[in-house]
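First the structure, in the form of structure tokens, and then the observations on it.
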């Protein structure tokens, strides 16, 4: 065992890989992670959703090659809904903790040794691993269930980012009536069923949840995305609303979580709408169903955008995409012009000068508006900046490469990214000196521009 490596007791941690017709994905996961897991005494199990490829033969051969009698292979009923399948290892594993992992990403085990595994040794009840950097919540232990749901829901929806103490699910095993109630609510939820069972159990006692950022590597991402798009909006409208409606008697922030999830994941971006339309998932019947039952309005203020893509012919799609992108830019430009005087006043109070955050379309639009009004911008901050980059004749800099003391930073993005505020605070920017403009402000009633705080919290 190397210095800093966490060694688990027998039966303490199991990684359960849920897979379906992705033998090559499982093979790559095992190639990258098997030895690292076993040297930490972590057991690996495979939960195969009745695949018809070579997964089962591959796993049996792999076990023989490694001589690993602890590695188990389970074959699930093909009729079982995707959203219920993560429940199988959670209900039937005998390990203290189960990490229900998908087959499309793998983690940094050395970072786990530093950040997550020591917390498991302290007997936490649940760990959610954020794959997008969130300095504000990184390392936080949650006891407030409402706050936990608001802050962590997006990460919870990603299969492979949760480690559960299996004792959480004991009530489902011992209370037949409770199991039947949960089955009636969640077992048929195609996309998110397991989340309902978990949040029902998490509500029962004073449990603790731990959030930790974890870099991940995606396995064959070009092959993963197209299959997900086959029912993209069915999942993120119908399954999402049904899940949170079933939880609304226990958690009171469910409507807000629906809206914030859409805003955060930008499900109504023109490019995403276009891709979903081309996959066949977004069509007139889909749009009409969710418009008429009210679910679409609960998720997004951009119903007319989805309608435009849903109703367009194949020949019209490229034209619709151009039109919607132009509308998006125009909305943002109008919004920026409305905020010019306020930004000017705030910048005059900051001796360090004015910086923009984001060198994409939003940053370019705002930079041009400010230049027209003679407002001096010292530069544009962007985490992807490289030496010599210019945008609108302004230097593009990484936030950590410039002093932001007593500076005003205006975040100007076409999509909402809630954790940038906390990242800038870590770079020394005062919260009262951060002004956030995002395009959703232009069409959402009662959606104020963020100034000095992250609305996601």
Quiz item: Which length gain, in nm to one decimal place, applies between residue 204 and residue 390 when the Cα-Cα distance is subtracted from 0.36 nm times their residue separation?
Solution: 61.5 nm
Quiz prompt | At 1.002 mPa s and 20 °C, Stokes diffusion of the chain via Kirkwood alpha-carbon radius, µm² per second | solution = 89 µm²/s
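Which of rounded, prolate, oblate describes segment 334-451, given a ≥ b ≥ c as roots of the alpha-carbon gyration tensor eigenvalues and a/c under 1.5 marking rounded, otherwise prolate only if a/b is larger than b/c?
Rounded.
List the equivalent ellipsoid semi-axes of segment 1-68 in whole Å, largest first, each obtained as the square root of 5λ for an eigenvalue λ of the Cα gyration tensor.
24, 12, 11
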Quiz prompt | Distribution of pairwise C-alpha distances over segment 119-181, 10 Å bins, in % | solution = 17, 45, 31, 7, 0
Quiz item: Distance from the Cα centre of segment 304-345 to that of segment 1-79, in angstrom?
Solution: 46 Å
Quiz item: To the nearest Å, what is the center-to-center distance of segment 90-115 and segment 137-179, using C-alpha atoms only?
Solution: 14 Å
Quiz item: What angle, in degrees between 0 and 90 and rounded to the nearest 10, separates the Cα long axis of helix 270-279 from the longest principal axis of the Cα atoms of the chain?
Solution: 40 degrees
Self-check item: Highest to lowest packing among 16-28, 335-347, scored as the average C-beta count within 10 Å
Solution: 16-28, 335-347
Quiz item: Translational D (Stokes-Einstein, µm²/s) of segment 13-219 at 10 °C and 1.306 mPa s when Rh comes from the Kirkwood sum over C-alpha pairs?
Solution: 91 µm²/s
Practice problem: Report relative contact order for segment 334-451 in percent, whole number only (criteria: Cα-Cα under 8 Å, sequence separation at least 6). | Solution: 26 percent
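Kirkwood Rh, segment 104-249, all Cα pairs: how many Å?
16.5 Å
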Quiz item: Mean separation of Cα pairs under 8 Å and 6+ residues apart, divided by the residue count of the chain: what relative contact order is that in percent?
Solution: 12 percent
Self-check item: Residue order, fewest to most surrounding Cβ atoms within 10 angstrom, among 252, 267
Solution: 252, 267
Quiz item: Separation between the residue 122 and residue 311 pseudo-spin-labels, each 7 Å from Cα along Cα→Cβ, expressed in nm?
Solution: 5.6 nm
Quiz item: Roughly speaking, what is the stretch gain from residue 53 to residue 288, that is 0.36 nm per residue apart minus the C-alpha to C-alpha distance, in nm to one decimal?
Solution: 80.9 nm
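No value in this document is a laboratory result; all are computed from the given coordinates. Not measured: the values here are computed from a predicted model. So basically every Cβ, Gly included, is an ideal-geometry build from the backbone, and we count neighbours across all protein chains shown.
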